[in-house]
Amino acid sequence: MKKTTATAIAALAAIASGTVLAPVAFAGDDTSRDGSLHATLSPIPTSKVTGSGTAMVHLKGNQATVTIKTRGLLANAPHAQHFHIGAKGQCPPASAATKHNGQLSLNTTDGLPFYGKIGASLTTTGDTGADHSALAVDRFPMGASYTYHRTITVDDETAKSLRNENAVVVVHGIDFNGNGKYDNVLGPSDLDPKLPSEATNPALCGPLKMAPAGAVSGGLGGTQSGDTTALAAAGGLLLAAGGAVYLRRRTGRQS
Ligand SMILES: [Cu+2]
């Protein structure tokens, strides 16, 4: 009886670990891993932004083909946009906001602990570096709704961050007081005091996550939910097996 139980537990554990651990290893730091990443862009809390957007990145080596679609941003105004990297790979919560010119709001610096520094500037033309093009306002998309599409070369650190699902798309430029333009209602920009904070504050944000291979090529839409169910089942088995082993050890200690 005991031997049978132990064998069954071992078998379950082997099945479970084989199913569960393989995808975890795949998600590791594999520099050869190309693929597609997706992000849903949501309004930054406290920004008064009600817009939305999506971002898609096809990554091949250090080449990133980027498509960003937005709507509901301030019209007739440039919107700086970047890959941010090297922090939590998350968008900041409302609790990250601090007072600027007396107004509780989230400027770019407030969000750094969550989305991290700039890894690439998603400009429309020319340089895409973090240093010289972060606020190249004449080379960013304009308007409330736009579609941005460009293939850029990212540096090794940014490529690695994308592969590790640590990169975040941030679109900047808000209209906090709703007067139809960037002004100094929130004081000067934390990035460049010559610009109003509204012009550089984060507006939309979305963490980039690797898409399942089946979802990209199409026609395999059912695979994702199937895999999720299998993973959940395997995880349950692993927990059950672990619990059984734990109970047996407890029993052994007591006797
Ligand atoms: Cu940015």
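Each value in this text was obtained by applying a stated rule to the coordinates, not by laboratory testing. If you're wondering where the values come from, they're calculated on a predicted model, not measured in any experiment. When we count neighbours, we look across all protein chains shown, and the Cβ atoms used for this are built from the backbone with ideal geometry, even at glycine.
Return the Rg/Rh value of the range 36-210, two decimal places, where both radii are evaluated on C-alpha atoms and Rh is the Kirkwood radius.
Across the range 36-210, the Cα-based Rg/Rh ratio is 0.94.
With an 8 Å cut-off on Cα pairs and a minimum separation of 6 or more residues, tell me the relative contact order of the range 36-210 in percent.
32 percent
Using a Debye calculation, one point per C-alpha and no hydration shell, please list log10 I(q)/I(0) for the range 51-96 at q = 0.15, 0.21, 0.24, 0.27 Å⁻¹ in order.
Calculated log10 I(q)/I(0) at the listed q: -0.59, -1.03, -1.15, -1.19.
Which peptide among 119-130, 184-195 comes first, and what is the full order, when sorted by highest mean count of other Cβ atoms within 10 Å?
Result, highest mean Cβ count within 10 Å first: 119-130, 184-195.
Taking the alpha-carbon distance from K48 and a cut-off under 28 Å, which lysines remain once sequence neighbours fewer than 8 residues away in the same chain are dropped?
K69, K88, K99, K117, K181, K194, K209
Provide the packing ranking of 77-88, 144-155, i.e. peptides ordered by the mean count of other C-beta atoms within 10 Å per residue, highest first.
77-88, 144-155
Can you list the HN-Hα couplings for the range 68-74, worked out from phi with the Karplus curve (6.51, -1.76, 1.60; θ = phi - 60°), rounded to whole Hz and with x for Gly and Pro?
Each residue's phi maps through the Karplus curve to give 10, 10, 10, 7, x, 8, 5 Hz.
So if we plug the beta-carbon distance of T125 and K88 into 1/(1 + (r/R0)^6) with R0 = 30 Å, what FRET efficiency do we get, rounded to 0.05?
Given R0 = 30 Å and the Cβ-Cβ separation, E is 0.45.
Quote the FRET efficiency, to the nearest 0.05, computed for N179 versus T98 with a Förster distance R0 of 22 Å and r equal to the Cβ-Cβ distance.
According to the calculation, E is roughly 0.45.
Quick check on packing: order 132-138, 49-55 by the mean number of other C-beta atoms within 10 Å, highest mean leading.
Per-residue Cβ counts within 10 Å, averaged per peptide and sorted highest first, yield 49-55, 132-138.
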